[in-house]
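Inspection log for the structure reproduced underneath, given as structure tokens.
The values are calculated or read from the model by the stated rules, or taken from the named source; none is laboratory data. These figures come from a predicted structure and were not determined experimentally. Positions of Cβ are generated from backbone atoms using ideal geometry, with glycine treated the same way; all protein chains shown enter the neighbour counts. Only protein heavy atoms, including side chains, enter the accessible area calculation; ligands, DNA and RNA are left aside. Shrake-Rupley method; radii C 1.70, N 1.55, O 1.52, S 1.80 Å.
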Amino acid sequence: MSELSETKMKKNVTKESIIGLGESSFRKNYYSELQEKLADLERINTRNRALIAAIPDFLLVSKSDGTISLFNGENKRHNAILDSILQDEVIMNDLHEQIKLAGDTKSLISHEFSYHIYDFTYYFESRISVSEFQEALIIIRDITDRMLMEMKLREMAERDSVTKLYNRHLFMERLNHYDGSRVKQFSIILIDIDGLKFFNDTLGHSFGDSIIMTVANILNSLFSNIGFVSRVGGDEFGIIIMNKSQDEIERLIEQLGTMLEEYNEQADLFKISVSSGYSYNKNGEIKTNAMYQEADNHMYQNKLLKESSNRNSLVKTLMKALEVKDYLTEGHADRLEELSLKMAKQLKLPQNQVDRIKLLAKFHDIGKVGIPEKILQKPDKLSDEEWIVMKTHSNIGKRIAEASPELKDISGLILYHHERFDGKGYPLGLNKHDIPIECRILSIVDTFDAMTNDRPYRKALLIEDAIKEIKSCAGTQFDQDLVDTFLKVLQDHLQETHSEMRGE
């Protein structure tokens, strides 16, 4: 073989060998590894798709031309809300500015925004990062629950739970902020609800809260646009006002009185009264502690001037409320007073007991102002739960009487007026002569009057039947001796009434 032919053959063999062996070697050595890599990539893609589907956030991508679309092409979560956000020009312009900022700074940008839809405000947080390919990856997270919780916690820290006005803590913070500063025409007004403790102690705190809410609403409507309104105590409100002259402050307080009068004209039962005081600093350094004390002193003086008249009117108001709420027929108290006084005269009781009987006849059921009308006016027999509520009127009446100088002396009698001679009454289960005689007298007279007049649950009994019932309860519900006295007094009373009707 020639040298040339041998060289040519070597070249052909070498080329074919290289090509053939290379492909064979590649298939032999790398094919399985390639398949494993492809499988790994598929698992990673599947895992990423599942992860993206599991994420509750909106995932978006902004390309270099500024178009924004869903990261994975499809997102079934909150589509209606997301579509609305993507179509909102203001939000999208703001988002593009944040994308530009992220690209310029090469950093992660966080941004919060809100969106109102379906009569509800949603809150969102966007996080933006720009990739090496100049694509902005955007996560939009719904943070509504967190924001609502933060607002609720902030409200709890700053607002009064009943009135939703600012609380005392924030009011004092505001005063401290202005202390030592030089703000012209700076005023502090203090408002106190008259008689709130009386209503809380007698009718309960829920009723007291309704009064607080009424006053708070009036103060809010009058002062919130020009001042800082707070509830600074149980029955007290504080207001900080700037840039109002002293004459304007006094006119505002007069306007408050007018608004309360207008409210009271429309109120069916209870009238609301407040006391007020203010402190005014025209110019110069503000001493908020001294101003607060001055306003408080003025308010206290204002309260003292009308305290006694307010207490008198409160008792009259409660009696009017009882007349409206209760089923008592007209003249009930007068009939009780007449028969009770005749019994007292027959028994020759001293004048102080006679006076107490007169008051007791009129005010013994005053505690019923605190009993729901649905119980007072129920035409059927009361349930066990309703009866428990009804029996509380004795305690309520006692608390009302204790709060009134005119009735304080009979507060115990009001408490005991449903005790029975056999000890089966309420609220204490007193028996026999442990029960004051005024209560034992009223018990008989009140029962007789109740039986001989119509009630929601029954018609009036004949006088003869009522007398039989009274006799049958002598020694158990009633004092036997006082029943005898009552029957004698009643007989004389009926004869007198009969004679008057005949014109004799």
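Sorting 402-412, 281-291, 232-242, 150-160 by average packing, meaning the other beta carbons within 10 Å per residue, from highest down gives 232-242, 402-412, 281-291, 150-160. From most to least packed by mean Cβ count within 10 Å, the peptides 208-217, 468-477, 85-94 give 208-217, 468-477, 85-94.
Entry comment: accessible area of the range 140-242 is 48 Å² per residue, from protein heavy atoms only and a probe of 1.4 Å.
Averaging Cα coordinates gives a centre for the range 231-271 and one for the range 127-200; these two points are 24 Å apart. Solvent-accessible surface (1.4 Å probe) assigned to LEU148 amounts to roughly 70 Å².
Share of carbon and sulfur in the accessible area of the range 187-280 stands at 44%, probe radius 1.4 Å.
Taking the Kirkwood radius as the inverse of the mean 1/r across Cα pairs, report the Rg/Rh of the range 54-176. Reported Rg/Rh, Kirkwood definition of Rh: 1.12.
For the range 371-504, the Cα-based Rg and Dmax, in that order, read 16.6, 51 Å.
Going down the table (LYS342/LYS468; LYS271/LYS391; LYS345/LYS378; LYS378/LYS398), which pairs top 29 Å between alpha carbons?
From LYS342/LYS468; LYS271/LYS391; LYS345/LYS378; LYS378/LYS398, over 29 Å: LYS345/LYS378.
By definition, a body whose alpha carbon gyration tensor gives a ≥ b ≥ c is oblate when a/c is 1.5 or more and a/b is not larger than b/c, and the range 426-498 fits this oblate description.
Counting only protein heavy atoms, what percent of the accessible surface of the range 80-149 is carbon or sulfur at a 1.4 Å probe?
Details: 2300 of 4380 Å².
It is 53 percent, rounded to a whole number.
Surface composition of the range 415-504: carbon plus sulfur atoms hold 50% of the accessible area, using a 1.4 angstrom probe and ignoring ligands, DNA and RNA.
Rounded to whole numbers, the Karplus 3J(HN,Hα) couplings from phi for the range 447-452 are 5, 4, 5, 5, 6, 9 Hz, using 6.51 cos²θ - 1.76 cosθ + 1.60 with θ = phi - 60°, and x at Gly and Pro.
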